[in-house]
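A short write-up of the structure that comes next.
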Amino acid sequence: MASLGIDVLFKGTNFLRLLQGLWVSIEISLISVVLSILLGLLVGVLMTVNNKVLHAILKVYLETVRIMPQMVLLFIVYFGTTRVFGWDMSAESSAIFVFTFWGTAEMGDLVRGSIKSIPTIQFESAAALGMDKVQTYFYIILPQTVRRLIPLSINLITRMIKTTSLVMMIGIVEVLKVAQQIIEANRKTSPNAAFGIFLVVFLLYFIVCWPISRLATYLEKRWA
(Lines give C-alpha, C1' and ligand atoms only; values in the text may rest on other atoms or scores of the structure.)
Protein backbone atom coordinates (compact mmCIF):
# COMPACT_ATOMS: atom_id res chain seq x y z
CA MET A 1 0.00 0.00 0.00
CA ALA A 2 3.03 2.29 0.29
CA SER A 3 2.92 2.84 -3.50
CA LEU A 4 -0.54 4.39 -3.07
CA GLY A 5 0.77 6.93 -0.61
CA ILE A 6 -1.40 5.85 2.30
CA ASP A 7 1.73 5.66 4.45
CA VAL A 8 1.85 9.47 4.25
CA LEU A 9 -1.19 9.62 6.56
CA PHE A 10 0.82 7.98 9.34
CA LYS A 11 3.58 10.56 9.28
CA GLY A 12 3.36 12.99 12.17
CA THR A 13 -0.20 14.17 12.84
CA ASN A 14 -1.54 13.82 9.29
CA PHE A 15 -4.24 11.27 10.11
CA LEU A 16 -5.31 13.22 13.20
CA ARG A 17 -5.60 16.37 11.07
CA LEU A 18 -7.74 14.43 8.60
CA LEU A 19 -10.09 13.34 11.40
CA GLN A 20 -10.27 16.92 12.68
CA GLY A 21 -11.21 18.05 9.18
CA LEU A 22 -13.92 15.38 9.07
CA TRP A 23 -15.29 16.67 12.37
CA VAL A 24 -15.52 20.18 10.91
CA SER A 25 -17.69 18.78 8.09
CA ILE A 26 -19.88 16.86 10.54
CA GLU A 27 -20.22 19.83 12.88
CA ILE A 28 -21.34 22.20 10.10
CA SER A 29 -23.80 19.65 8.74
CA LEU A 30 -25.32 18.80 12.15
CA ILE A 31 -25.87 22.44 13.10
CA SER A 32 -27.38 23.12 9.67
CA VAL A 33 -29.67 20.08 9.87
CA VAL A 34 -31.00 20.99 13.34
CA LEU A 35 -31.77 24.53 12.21
CA SER A 36 -33.24 23.24 8.93
CA ILE A 37 -35.59 20.85 10.71
CA LEU A 38 -36.88 23.52 13.08
CA LEU A 39 -37.33 26.16 10.39
CA GLY A 40 -38.52 23.57 7.85
CA LEU A 41 -41.42 22.58 10.11
CA LEU A 42 -42.56 26.20 10.15
CA VAL A 43 -42.07 26.69 6.41
CA GLY A 44 -43.83 23.41 5.63
CA VAL A 45 -46.88 24.41 7.65
CA LEU A 46 -46.93 27.82 5.95
CA MET A 47 -46.84 26.08 2.56
CA THR A 48 -50.18 24.47 3.36
CA VAL A 49 -51.83 27.78 4.31
CA ASN A 50 -54.40 28.96 1.78
CA ASN A 51 -52.81 32.34 1.06
CA LYS A 52 -51.84 33.16 -2.53
CA VAL A 53 -49.23 35.80 -1.65
CA LEU A 54 -47.53 33.60 0.93
CA HIS A 55 -47.71 30.63 -1.40
CA ALA A 56 -46.05 32.63 -4.21
CA ILE A 57 -43.23 33.83 -1.93
CA LEU A 58 -42.50 30.33 -0.67
CA LYS A 59 -42.69 28.94 -4.21
CA VAL A 60 -40.05 31.42 -5.39
CA TYR A 61 -37.89 30.53 -2.36
CA LEU A 62 -38.18 26.81 -3.06
CA GLU A 63 -37.47 27.14 -6.78
CA THR A 64 -34.48 29.41 -6.08
CA VAL A 65 -32.94 26.79 -3.82
CA ARG A 66 -33.61 24.03 -6.34
CA ILE A 67 -32.10 25.93 -9.27
CA MET A 68 -29.16 27.68 -7.59
CA PRO A 69 -26.09 25.45 -6.93
CA GLN A 70 -24.92 25.44 -3.32
CA MET A 71 -21.45 26.56 -4.38
CA VAL A 72 -22.87 29.70 -6.00
CA LEU A 73 -24.86 30.43 -2.84
CA LEU A 74 -21.68 30.04 -0.78
CA PHE A 75 -19.85 32.52 -3.00
CA ILE A 76 -22.75 35.01 -2.91
CA VAL A 77 -23.01 34.91 0.88
CA TYR A 78 -19.32 34.77 1.80
CA PHE A 79 -17.69 36.86 -0.93
CA GLY A 80 -20.66 38.94 -2.10
CA THR A 81 -22.79 40.06 0.83
CA THR A 82 -19.87 40.51 3.21
CA ARG A 83 -18.31 43.08 0.89
CA VAL A 84 -21.52 44.76 -0.27
CA PHE A 85 -23.02 45.13 3.21
CA GLY A 86 -19.77 45.16 5.18
CA TRP A 87 -20.73 42.18 7.33
CA ASP A 88 -18.00 40.46 9.31
CA MET A 89 -19.23 36.91 8.67
CA SER A 90 -16.83 34.01 9.09
CA ALA A 91 -16.58 31.22 6.53
CA GLU A 92 -18.12 28.74 8.99
CA SER A 93 -21.10 31.04 9.67
CA SER A 94 -21.56 31.58 5.93
CA ALA A 95 -21.56 27.83 5.32
CA ILE A 96 -24.08 27.20 8.11
CA PHE A 97 -26.30 29.98 6.76
CA VAL A 98 -26.23 28.60 3.19
CA PHE A 99 -26.83 24.98 4.21
CA THR A 100 -29.64 26.04 6.55
CA PHE A 101 -31.15 28.14 3.76
CA TRP A 102 -30.98 25.11 1.47
CA GLY A 103 -32.02 22.56 4.09
CA THR A 104 -35.01 24.61 5.27
CA ALA A 105 -36.43 24.62 1.74
CA GLU A 106 -35.85 20.88 1.38
CA MET A 107 -37.35 20.13 4.78
CA GLY A 108 -40.25 22.54 4.23
CA ASP A 109 -41.21 20.73 1.03
CA LEU A 110 -41.02 17.38 2.84
CA VAL A 111 -43.21 18.72 5.65
CA ARG A 112 -45.72 20.05 3.12
CA GLY A 113 -45.89 16.67 1.40
CA SER A 114 -46.27 14.85 4.73
CA ILE A 115 -49.09 17.14 5.86
CA LYS A 116 -50.85 16.76 2.51
CA SER A 117 -50.64 12.97 2.85
CA ILE A 118 -52.61 13.02 6.12
CA PRO A 119 -56.27 12.10 5.42
CA THR A 120 -58.70 15.03 5.41
CA ILE A 121 -60.93 13.14 7.83
CA GLN A 122 -58.44 13.85 10.61
CA PHE A 123 -58.79 17.61 10.09
CA GLU A 124 -62.56 17.22 10.05
CA SER A 125 -62.55 15.06 13.18
CA ALA A 126 -60.46 17.65 15.03
CA ALA A 127 -62.90 20.38 13.99
CA ALA A 128 -65.80 18.23 15.18
CA LEU A 129 -64.10 17.96 18.58
CA GLY A 130 -63.99 21.74 18.80
CA MET A 131 -60.27 22.18 18.13
CA ASP A 132 -59.05 25.31 16.37
CA LYS A 133 -56.36 25.21 13.66
CA VAL A 134 -53.46 25.67 16.10
CA GLN A 135 -54.66 22.85 18.32
CA THR A 136 -55.31 20.61 15.32
CA TYR A 137 -51.78 21.06 14.04
CA PHE A 138 -50.11 20.85 17.44
CA TYR A 139 -51.91 17.80 18.82
CA ILE A 140 -52.86 15.80 15.73
CA ILE A 141 -51.14 16.81 12.49
CA LEU A 142 -47.57 17.67 13.55
CA PRO A 143 -46.98 14.50 15.67
CA GLN A 144 -47.88 12.35 12.65
CA THR A 145 -45.85 14.59 10.35
CA VAL A 146 -42.75 14.37 12.55
CA ARG A 147 -42.97 10.58 12.61
CA ARG A 148 -43.07 10.46 8.82
CA LEU A 149 -40.28 13.00 8.55
CA ILE A 150 -37.69 11.36 10.81
CA PRO A 151 -36.39 8.90 8.17
CA LEU A 152 -36.35 11.67 5.54
CA SER A 153 -34.57 14.12 7.84
CA ILE A 154 -31.94 11.48 8.64
CA ASN A 155 -31.29 11.16 4.91
CA LEU A 156 -30.91 14.93 4.80
CA ILE A 157 -28.06 14.61 7.32
CA THR A 158 -26.09 12.36 4.96
CA ARG A 159 -26.70 14.76 2.07
CA MET A 160 -25.52 17.66 4.21
CA ILE A 161 -22.35 15.84 5.24
CA LYS A 162 -21.49 15.06 1.62
CA THR A 163 -22.31 18.57 0.41
CA THR A 164 -20.06 20.17 3.03
CA SER A 165 -17.15 19.16 0.79
CA LEU A 166 -17.94 22.41 -1.07
CA VAL A 167 -16.97 24.61 1.89
CA MET A 168 -13.28 24.15 1.08
CA MET A 169 -13.94 26.64 -1.74
CA ILE A 170 -14.40 29.44 0.79
CA GLY A 171 -11.34 28.53 2.84
CA ILE A 172 -12.77 26.23 5.52
CA VAL A 173 -10.24 23.57 6.47
CA GLU A 174 -12.44 20.48 6.34
CA VAL A 175 -11.50 16.91 5.42
CA LEU A 176 -10.94 17.49 1.68
CA LYS A 177 -8.91 20.64 2.30
CA VAL A 178 -6.72 18.78 4.79
CA ALA A 179 -6.28 15.95 2.28
CA GLN A 180 -5.12 18.43 -0.36
CA GLN A 181 -2.70 20.04 2.08
CA ILE A 182 -1.19 16.64 2.94
CA ILE A 183 -0.87 15.73 -0.74
CA GLU A 184 0.82 19.03 -1.60
CA ALA A 185 3.24 18.76 1.32
CA ASN A 186 4.33 15.28 0.24
CA ARG A 187 4.16 15.65 -3.54
CA LYS A 188 7.89 15.08 -4.10
CA THR A 189 8.39 12.18 -1.69
CA SER A 190 5.05 10.46 -2.44
CA PRO A 191 3.86 11.41 -5.94
CA ASN A 192 1.06 8.80 -5.85
CA ALA A 193 -0.33 9.96 -2.50
CA ALA A 194 -3.44 11.55 -4.04
CA PHE A 195 -5.06 8.21 -4.87
CA GLY A 196 -4.49 6.66 -1.45
CA ILE A 197 -5.41 9.72 0.58
CA PHE A 198 -8.60 10.43 -1.34
CA LEU A 199 -9.47 6.73 -1.02
CA VAL A 200 -9.17 7.11 2.76
CA VAL A 201 -11.35 10.24 2.60
CA PHE A 202 -13.94 8.22 0.68
CA LEU A 203 -13.85 5.52 3.38
CA LEU A 204 -14.24 8.12 6.13
CA TYR A 205 -17.32 9.57 4.43
CA PHE A 206 -18.67 6.04 3.99
CA ILE A 207 -18.07 5.13 7.65
CA VAL A 208 -19.97 8.25 8.77
CA CYS A 209 -22.83 8.20 6.24
CA TRP A 210 -23.57 4.48 5.84
CA PRO A 211 -24.88 3.84 9.41
CA ILE A 212 -27.02 6.98 9.17
CA SER A 213 -28.43 5.82 5.83
CA ARG A 214 -29.18 2.35 7.24
CA LEU A 215 -30.93 3.91 10.22
CA ALA A 216 -33.15 5.93 7.89
CA THR A 217 -34.00 2.79 5.90
CA TYR A 218 -34.81 0.86 9.08
CA LEU A 219 -37.11 3.58 10.44
CA GLU A 220 -38.80 4.01 7.07
CA LYS A 221 -39.64 0.29 6.94
CA ARG A 222 -40.65 0.12 10.60
CA TRP A 223 -42.98 3.12 10.41
CA ALA A 224 -44.31 2.55 6.90
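The values are calculated or read from the model by the stated rules, or taken from the named source; none is laboratory data. Source: prediction; values computed, not measured. Note: ideal-geometry Cβ built from the backbone for every residue, glycine included; neighbour counts use all protein chains shown. Protein only, heavy atoms only, side chains kept; ligands, DNA and RNA dropped before computing areas. Shrake-Rupley method; radii C 1.70, N 1.55, O 1.52, S 1.80 Å.
So here's what we get for this one:
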{"quantity": "Filter pass, L149 being more than 15 Å from V33 (Cα to Cα) and touching a helix residue (DSSP H, G or I) at 6+ places or on another chain (Cβ under 9 Å)", "calculated": "no"}
{"quantity": "Residue match in segment 197-205 (condition: open to solvent by 60 Å² or more (accessible area, probe 1.4 Å) and either among the acidic types (D, E) or farther than 23 Å from L74 by Cβ (or both))", "calculated": "yes"}
{"quantity": "Condition broken by A126, with the remaining ones in (1) among the aliphatic types (A, V, I, L, M); (2) without any contact (Cβ under 8 Å) to a residue 24 or more places away in the chain; (3) open to solvent by 50 Å² or more (accessible area, probe 1.4 Å) satisfied", "calculated": "(3)"}
{"quantity": "Single match in S32, S125, S114 (criterion: assigned to a helix (DSSP H, G or I), hydroxyl-bearing (S, T, Y) and in contact with a Lys or Arg (Cβ under 7 Å, 6 or more places away or on another chain))", "calculated": "S114"}
{"quantity": "E27 vs. criteria acidic (D, E), under 15 Å from S165 (Cα atoms) and open to solvent by 20 Å² or more (accessible area, probe 1.4 Å)", "calculated": "yes"}
{"quantity": "Residue in segment 94-116 that is of a type in the set (D, E), open to solvent by less than 30 Å² (accessible area, probe 1.4 Å) and at pLDDT 80 or above present", "calculated": "no"}
{"quantity": "Residue in segment 164-184 that is over 18 Å from the mean Cα position of the chain (by Cα), assigned to a helix (DSSP H, G or I) and charged (D, E, K, R) present", "calculated": "yes"}
{"quantity": "Unique match (being touching a Lys or Arg at 6+ places or on another chain (Cβ under 8 Å) and buried (at least 16 other Cβ atoms within 10 Å of the Cβ)) among G44, G40", "calculated": "G44"}
{"quantity": "Residue tally, condition open to solvent by 80 Å² or more (accessible area, probe 1.4 Å) and either modelled with pLDDT under 85 or among the aliphatic types (A, V, I, L, M) (or both), over segment 178-196", "calculated": "7"}
{"quantity": "Leading residue by the ranking (nearest to S114 (Cα to Cα)) among those in segment 1-18 that are in contact (Cβ under 8 Å) with a residue 12 or more places away in the chain and surrounded by fewer than 13 Cβ atoms within 10 Å (Cβ to Cβ)", "calculated": "M1"}
{"quantity": "Matching residues in segment 47-62 - criterion: being without any contact (Cβ under 8 Å) to a residue 24 or more places away in the chain and either touching a Phe, Trp or Tyr at 6+ places or on another chain (Cβ under 8 Å) or open to solvent by less than 60 Å² (accessible area, probe 1.4 Å) (or both)", "calculated": "L54, A56"}
{"quantity": "Segment 1-20, subset within 13 Å of I197 (Cα to Cα) and not aliphatic (A, V, I, L, M), residue modelled with the lowest pLDDT", "calculated": "S3"}
